[in-house]
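What follows is calculated from the coordinates using simple rules that are stated; it is not laboratory data. What you see is a predicted model; the values in this text were computed from it and never measured. Counting neighbours? That spans all protein chains shown, and the Cβs are built from the backbone with ideal geometry, glycine included.
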Amino acid sequence: MYKRFIPCMLFIGCASEKTETTETNPSGDSQEQAQIDESWKDEDDSCPPSWLLTYALDGQIDITHTPLDMGNASALVGGRDQDELVIRVPDDNGVPAAGTILLTQFNLLQDFSVSVDMIGEFTVVSDLLSTANNECGAATGTLEETTIRWAQCTYGANHGEPAWSPDDGASGVGCIADYHVTGNIECIDNSLLVGCDNGWLDEGDNPQDYRYAQPLLELRFDSPALETFTMKGEEHGVELPTYANNRTWLTLEGTLKKQELTETPSCLCDN
C-alpha cells in the first residue's frame with residue numbers, strides 16, 4: 001500500500017460548488033453495458049482449455065487541467081498483493097497464444113493523501129478501490145505479437161474536458177464493464193483559509209460507491225513471453241472520469257506473477 005502527499009490545490013482549487021459523488025449508478029443501470037459475443041469453441045465444436053495470466057499492478061495517477069494548473073500533481077498507486085489484472089488468452093499446444101483475449105478481473109487501490117498548513121492543517125485522505133470481475137469477460141481485445149489492442153470503446157459526453165464524469169463514462173466491449181469504485185474520502189479541516197466544501201466534500205467521511213464503463217489503452221508487452229507490460233499514452237495513461245474540476249489519468253505497469261491452463265467457462269462456448 002502506497003501513500004503519497006500531493007499539493008492541496010488538487011482539491012481546494014477545483015470547485016466552486018459541491019457535487020454529489022456517493023451512491024452514483026450503484027447498480028450500473030444508468031449506462032447500457034455492452035455484451036461480449038465471442039465463441040471460444042474450436043473446429044471440433046468443443047470447448048478447449050485456455051490460459052489465465054495474472055499480473056501484479058503498479059501505477060501512477062496524474063492530475064492535470066486544474067485551475068491555472070496550480071493543482072497538477074502525481075501519486076503512486078498499486079503495489080499490494082491484491083492489485084491485479086487477469087486476462088484469458090487462447091492455448092496453442094500448451095503455451096499462451098495470440099488471438100481474442102478477455103480481461104476477466106481488475107483490482108487496484110488508489111490510496112494517497114493531501115495535507116497542507118494554511119493557517120491550520122487541511123488534510124484529505126483518499127482511499128478508493130477500483131474493481132471489476134467477470135469470468136465471461138469484462139472487456140475484450142486482440143493479442144497481436146506483443147500488444148493487446150482493445151475492441152471498440154466510445155467515450156461518453158464531455159470527454160476531453162474536466163466535466164467528463166462517471167455519469168457519462170464510455171460504452172463498448174473494449175471498455176471495462178461494471179467498473180466499480182468504492183471507498184472513502186476523508187476531509188479533515190482545521191484551516192482558517194479553506195474548507196472541505198472547496199473540494200466538493202463534507203467535513204469528515206465521504207463514502208464513495210459508483211459504477212461505469214472504463215476505457216483502456218493498449219497493453220504493450222516487453223516480449224512474446226508476455227512477462228511485463230505497460231499501459232501509457234504519449235503523455236499520460238488512460239483517462240479516468242471524475243467529479244472534480246480536473247482531468248485524471250492512470251498509468252499501469254504489470255508483472256506476470258501466475259499463469260495457469262484452465263477449463264474455459266461454458267459461457268464462452270455456448271454461443
How many nm is it between the label spots at Thr255 and Asp45, if each spot is 7 Å from the Cα in line with the beta carbon?
-> 4.7
Compute the distance in nm between two label points, each set 7 Å from the Cα along the Cα-to-Cβ direction, one at Glu121 and one at Cys136.
-> 5.0
Ser223/Ile188 FRET efficiency (R0 51 Å; Cβ-Cβ; nearest 0.05) = 0.65
Separation of the Cys269 and Val95 label points, Cα + 7 Å toward Cβ, nm = 2.4
Least to most buried among Ser74, Ser171, Ser46 (fewest other Cβ within 10 Å first) | Ser46, Ser74, Ser171
Given the Cα-Cα distance of Glu144 and Asp209 and 0.36 nm per residue of separation, how much length would full extension add, in nm?
-> 19.8 nm
Just rank Lys258, Lys232, Lys41, fewest to most, by other beta-carbon atoms within 10 angstrom.
-> Lys258, Lys41, Lys232
